[in-house]
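**Q** Provided herewith is a single structure, encoded as structure tokens, for subsequent inquiry.
The values are calculated or read from the model by the stated rules, or taken from the named source; none is laboratory data. These figures come from a predicted structure and were not determined experimentally. Cβ coordinates were reconstructed from backbone atoms using ideal geometry, including for glycine residues, and neighbour counts include every protein chain displayed.
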Amino acid sequence: MEIQAIHGSGITACSAQAPAGGSLGSHLAKRLVQIGVKDVFSVPGDFNLALLDHLIAEPELNLIGCCNELNAGYAADGYARAKGVGACVVTFTVGGLSVLNAIAGAYSENLPVICIVGGPNSNDYGTNRILHHTIGLPDFSQELRCFQTVTCIQAVVNNLDDAHELIDTAISTALKESKPAYISISCNLPGLSHPTFAREPVPFFLAPKVSNQLGLEAAVDATAEFLNKAVKPVIVGGPKLRVAKAQQAFLEFANASGYPVAVMPSAKGLVPEHHPHFIGTYWGAVSSSFCGEIVESADAYVFVGPIFNDYSSVGYSLLIKKEKLISVQPNRVTICNGPSFGWVFMTEFLSALAKKLKKNSTAMENFRRIYVPPGVALTRGKDEPLRVNILFKHIQEMLSQETAVIAETGDSWFNCQKLRLPENCGYEFQMQYGSIGWSVGATLGYAQAARNKRVIACIGDGSFQVTAQDVSTMLRCGQNSIIFLINNGGYTIEVEIHDGPYNVIKNWDYTGLVNAIHNGEGKCWTAKVRTEDELTEAIATATGTHKDSLCFIEVLVHKDDTSKELLEWGSRVSNANS
Ligand code: TPP
């Protein structure tokens, strides 16, 4: 049999017996399956075609062709949110630079997305050749350099001897750090074999992280001493709960302490809202009713996995004092103005702390005493134009443990933030990076990973215009998500930060567009609604006769119909940025 063997940096043909191992391509395919990836999102190109052949040859792997690389990356992001890991495959540079924005988003949200790029022929490295799909210089490293800042590890696989080690190290680092990895595979290597490419790969072993015991004990003792003296302590869950995989330990801590529990806006979905001590979203001046007052008047607050950025701090206007703050990060605990304990892991810390705390039964009473439930029923006249708050009243009624909400950047952030999530109802958004268009790809990927849930996506018209094409892929995959396209004629969130003519967008016939994409293939149902009656009917159809179809409901609302929170937040963020 004629096989390829490595000679120095190049590969030449030689006659020999094939080594016992499998091929590089099948090794990578098996590794993906092994870590939980069953669907890979891709766009083909001549640098990755041979690799794609090997991926589709793996029976447990499903290759999903997307309309563009940005959406393939967002789909891998959405998939990783539901399954813990996601993957995409694109081609050299033209594909790589197109997917880059999605990978940066995944980095910001701590998602292990394995980004695989079909790279130059291994024989071309070290030559002065100019390749197509580059900017025309004899330099293959441009794409790699771009990925260096948005992935935790980069593996350039251009020889067989290192391939196994490079691939496995990249994948395990991504999983350990919960960040994206970049793997470039030379286009001529996927079919080649090597003894290290086991036909049945050896399982991964990721060593568990164990805290420094002395630091852990000291941190727990100091925190318990501080909290046990507090009269009105409160807990606030932050977005790093996800990367620390600490949701269960957080619950233990909440149950044992008895403290009121709030969630930062960027952590919605990570804190159980059905918990009896849940008091709402803490977001400074735009917190949910009574929640901001309770948090800011507390004499001790434990923030678990917070990120305080300009958006989550409402333009740096939070009334949080360091001397009352316990900050628990995935691997560090800081008590007020000091001390700080490193190499102390969140899960271990919270579980140990739960055992040392006196239960506080009065702190929650303070909230219950002042709380007045939102009681005024929303009324509307028949044929009156639909209002956004009525839309979200109906979306609230659709939520259950069998649904997941995907909230796009824009006013949807604020409207979805106010939804009260039932137990096990999924909730995803991209608040740190906030790249508009994310939700279309993320809906595709999430729905593919969580087939037991119906995704309800809330997408503004401006965002939808960025990535709309991959509704096509949702149809190809037979998905039944419900997309609410909120047509308010512009970039409303931007209007509230700083307005100008650039915030008005061209109106599209969105349902017409989706019908054109549908083109008679797959199950699709669309509706345009202008009144509450039309909305009620559309939801009944989407959840009834069309429960198995992709449902696209375009909701027409006034251009100035925004949440009150966006108005307040917009003025404060604008103030901080001017
Ligand atoms: N480009 C990208 C990729 N991401 C961004 N966040 C922006 C530009 C700036 N930006 C933030 S929100 C937004 C823009 C342009 C408008 C969103 O409009 P729309 O989706 O219609 O939501 P609305 O606020 O109207 O509900």
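**Q** Could you list, in sequence order, all residues of segment 177-225 that are of a type in the set (Phe, Trp, Tyr) and either out of contact with any Ser or Thr (no Cβ under 7 Å at 6 or more places or on another chain) or loosely packed, with under 14 Cβ neighbours inside 10 Å (or both)? Write out each step before concluding.
**A** Taking segment 177-225 as the starting set, the residues that turn out to be of a type in the set (Phe, Trp, Tyr) are 182, 197, 204-205.
Correct list: 204, 205.
**Q** Criterion first (within 30 Å of residue 61 (Cβ to Cβ), in contact with a helix residue (DSSP H, G or I) (Cβ under 6 Å, 6 or more places away or on another chain), crowded, with 18+ Cβ neighbours inside 10 Å and at pLDDT 95 or above) does residue 446 satisfy it? Walk me through it before giving the result.
**A** Values: within 30 Å of residue 61 (Cβ to Cβ): yes; in contact with a helix residue (DSSP H, G or I) (Cβ under 6 Å, 6 or more places away or on another chain): yes; crowded, with 18+ Cβ neighbours inside 10 Å: yes; at pLDDT 95 or above: yes.
Yes: the conditions hold for residue 446.
**Q** List every residue pair whose Cβ atoms lie under 6 Å apart, where the two residues are 6 or more positions apart in sequence or sit on different chains, the first residue falls within segment 269-294 and is free of Cβ contacts under 8 Å to residues at least 60 places away in the same chain, and the second residue, located anywhere, is surrounded by 19 or more Cβ atoms within 10 Å (Cβ to Cβ) and among the charged types (D, E, K, R).
**A** 270/242
**Q** Report, ordered by the first and then the second residue, all pairs with beta carbons closer than 6 Å, sequence separation of six or more or different chains, a first member in segment 458-471 that is farther than 15 Å from residue 505 by Cα, and a second member that is within 7 Å of the ligand (Cβ to nearest atom) and of a type in the set (S, T, N, Q).
**A** Sorted first by the residue in segment 458-471, then by its partner, the pairs are 458/412.
This table checks each residue for (1) more than 12 Å from residue 405 (Cα to Cα); (2) more than 15 Å from the ligand (Cβ to nearest atom); (3) over 18 Å from the mean Cα position of the chain (by Cα).
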{"residue": "439", "(1), (2), (3)": "no, no, no"}
{"residue": "446", "(1), (2), (3)": "no, yes, no"}
{"residue": "465", "(1), (2), (3)": "yes, no, yes"}
{"residue": "480", "(1), (2), (3)": "yes, yes, yes"}
{"residue": "488", "(1), (2), (3)": "yes, no, yes"}
{"residue": "492", "(1), (2), (3)": "yes, no, yes"}
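**Q** Then there is this: Hey, does segment 420-433 have a residue that's within 14 Å of the ligand (Cβ to nearest atom), in contact with a strand residue (DSSP E or B) (Cβ under 6 Å, 6 or more places away or on another chain) and small (Gly, Ala, Ser)?
**A** no
**Q** Let me ask something else about it. Out of segment 384-404, which residues are within 16 Å of the ligand (Cβ to nearest atom) and more than 19 Å from residue 529 (Cβ to Cβ)?
**A** If the condition is that a residue be within 16 Å of the ligand (Cβ to nearest atom) and more than 19 Å from residue 529 (Cβ to Cβ), then no residue fits.
**Q** Name the pairs: first residue in segment 555-578 and farther than 25 Å from residue 483 by Cβ and charged (D, E, K, R), second residue more than 11 Å from the ligand (Cβ to nearest atom) and not in a loop (DSSP other than H, G, I, E, B), Cβ to Cβ under 7 Å, at least 6 apart or on different chains?
**A** Partner pairs satisfying both residue conditions: 568/285; 568/286; 572/285.
**Q** Under 9 Å between Cβ atoms, which residue pairs at least 6 apart in sequence (or on different chains) link something in segment 177-201 that is in a loop (DSSP other than H, G, I, E, B) with a partner that is acidic (Asp, Glu) and buried (at least 24 other Cβ atoms within 10 Å of the Cβ)?
**A** Qualifying pairs under 9 Å: 180/77.
**Q** Sticking with this structure for a sec: Condition first: surrounded by 14 or more Cβ atoms within 10 Å (Cβ to Cβ), outside any helix (DSSP H, G or I) and within 12 Å of the ligand (Cβ to nearest atom). Now tell me which residues in segment 556-578 satisfy that.
**A** Within segment 556-578, 557, 561, 562, 563 qualify.
**Q** Please state which one of 307, 294 is β-branched (Val, Ile, Thr), in a loop (DSSP other than H, G, I, E, B) and closer than 23 Å to residue 413 by Cα. Please lay out each step first, then the result.
**A** On the way: 294 fails: in a loop (DSSP other than H, G, I, E, B).
Answer to the check: 307.
**Q** Which of the following residues is part of a helix (DSSP H, G or I), under 29 Å from residue 64 (Cβ atoms), more than 11 Å from the ligand (Cβ to nearest atom) and in contact with a His (Cβ under 7 Å, 6 or more places away or on another chain): 535, 475? Before the answer, list the steps.
**A** Working: 535 fails: under 29 Å from residue 64 (Cβ atoms).
Unique residue meeting the criteria: 475.
**Q** Does segment 451-463 hold any residues that are out of contact with any strand residue (DSSP E or B) (no Cβ under 6 Å at 6 or more places or on another chain) and away from the ligand (no atom under 15 Å from the Cβ), and which are they?
**A** Step one: of segment 451-463, the residues out of contact with any strand residue (DSSP E or B) (no Cβ under 6 Å at 6 or more places or on another chain) are 451-452, 462-463.
If the condition is that a residue be out of contact with any strand residue (DSSP E or B) (no Cβ under 6 Å at 6 or more places or on another chain) and away from the ligand (no atom under 15 Å from the Cβ), then 451, 452 are the ones that fit.
**Q** Now for a separate question. Can we say residue 52 is in contact with a Lys or Arg (Cβ under 8 Å, 6 or more places away or on another chain) and not in a strand (DSSP E or B)? Before you say what the answer is, go through the steps one by one.
**A** Working: in contact with a Lys or Arg (Cβ under 8 Å, 6 or more places away or on another chain): no; not in a strand (DSSP E or B): yes.
Taking the combined requirement at face value, the residue does not satisfy it.
**Q** Scan segment 94-118 for residues that are within 17 Å of residue 41 (Cα to Cα) and buried (at least 22 other Cβ atoms within 10 Å of the Cβ) and report the count. So that I can check it myself, show each step before the final result.
**A** Kept after step one, since they are within 17 Å of residue 41 (Cα to Cα), are these residues of segment 94-118: 94-106, 111-118.
Those left that are additionally buried (at least 22 other Cβ atoms within 10 Å of the Cβ): 95-96, 99-100, 102-103, 105-106, 111-118.
Count: 16.
**Q** Here is a follow-up. Which of the following residues is assigned to a helix (DSSP H, G or I) and either without any contact (Cβ under 8 Å) to a residue 60 or more places away in the chain or more than 30 Å from residue 292 (Cβ to Cβ) (or both): 521, 494? Spell out how you get there, then give the answer.
**A** Values: 521 fails: assigned to a helix (DSSP H, G or I).
Of the residues listed, the single one that is assigned to a helix (DSSP H, G or I) and either without any contact (Cβ under 8 Å) to a residue 60 or more places away in the chain or more than 30 Å from residue 292 (Cβ to Cβ) (or both) is 494.
**Q** Restricting to segment 494-521, what's the tally of residues that are surrounded by 17 or more Cβ atoms within 10 Å (Cβ to Cβ) and more than 11 Å from the ligand (Cβ to nearest atom)?
**A** 6
**Q** Okay, next question. Please go through (1) in contact with a Phe, Trp or Tyr (Cβ under 9 Å, 6 or more places away or on another chain); (2) crowded, with 20+ Cβ neighbours inside 10 Å for residue 121 and return the number of the only condition it doesn't satisfy.
**A** (2)
**Q** I'd like to check something: does segment 79-90 contain any residue that is of a type outside the set (Ser, Thr, Tyr), modelled with pLDDT of 95 or more, assigned to a helix (DSSP H, G or I) and buried (at least 24 other Cβ atoms within 10 Å of the Cβ)? Before the answer, list the steps.
**A** So the first thing to find is which residues in segment 79-90 are of a type outside the set (Ser, Thr, Tyr), and the list is 80-90.
Filter once more, so that each one left must be modelled with pLDDT of 95 or more: 80-90.
From what is left, the residues that are assigned to a helix (DSSP H, G or I) are 80-83.
From what's left, buried (at least 24 other Cβ atoms within 10 Å of the Cβ): 80-81.
Checked segment 79-90: at least one residue is of a type outside the set (Ser, Thr, Tyr), modelled with pLDDT of 95 or more, assigned to a helix (DSSP H, G or I) and buried (at least 24 other Cβ atoms within 10 Å of the Cβ).
**Q** Does segment 355-378 contain at least one residue that is in contact with a strand residue (DSSP E or B) (Cβ under 8 Å, 6 or more places away or on another chain), of a type in the set (Gly, Ala, Ser) and either surrounded by 13 or more Cβ atoms within 10 Å (Cβ to Cβ) or free of Cβ contacts under 8 Å to residues at least 40 places away in the same chain (or both)?
**A** Yes, segment 355-378 contains at least one residue that is in contact with a strand residue (DSSP E or B) (Cβ under 8 Å, 6 or more places away or on another chain), of a type in the set (Gly, Ala, Ser) and either surrounded by 13 or more Cβ atoms within 10 Å (Cβ to Cβ) or free of Cβ contacts under 8 Å to residues at least 40 places away in the same chain (or both).
**Q** Please go through segment 114-132 and pick out each residue that is more than 28 Å from the chain's Cα centre (by Cα) and under 16 Å from residue 156 (Cβ atoms). Lay out the reasoning, then the answer.
**A** First pass over segment 114-132, keeping only residues more than 28 Å from the chain's Cα centre (by Cα): 120-132.
Across segment 114-132, the qualifying residues are 120, 121, 122, 123, 124, 125, 126, 127, 131.
**Q** Still on this structure: Specify which of the listed residues (328, 333, 314) is assigned to a loop (DSSP other than H, G, I, E, B) and buried (at least 19 other Cβ atoms within 10 Å of the Cβ). Give the derivation first.
**A** On the way: 328 fails: assigned to a loop (DSSP other than H, G, I, E, B); 333 fails: assigned to a loop (DSSP other than H, G, I, E, B).
Going through 328, 333, 314 in turn, just one is assigned to a loop (DSSP other than H, G, I, E, B) and buried (at least 19 other Cβ atoms within 10 Å of the Cβ): 314.
**Q** Among the residues that make up segment 383-396, is at least one of them touching a helix residue (DSSP H, G or I) at 6+ places or on another chain (Cβ under 6 Å) and farther than 25 Å from residue 544 by Cβ?
**A** Checking segment 383-396: not a single residue is touching a helix residue (DSSP H, G or I) at 6+ places or on another chain (Cβ under 6 Å) and farther than 25 Å from residue 544 by Cβ.
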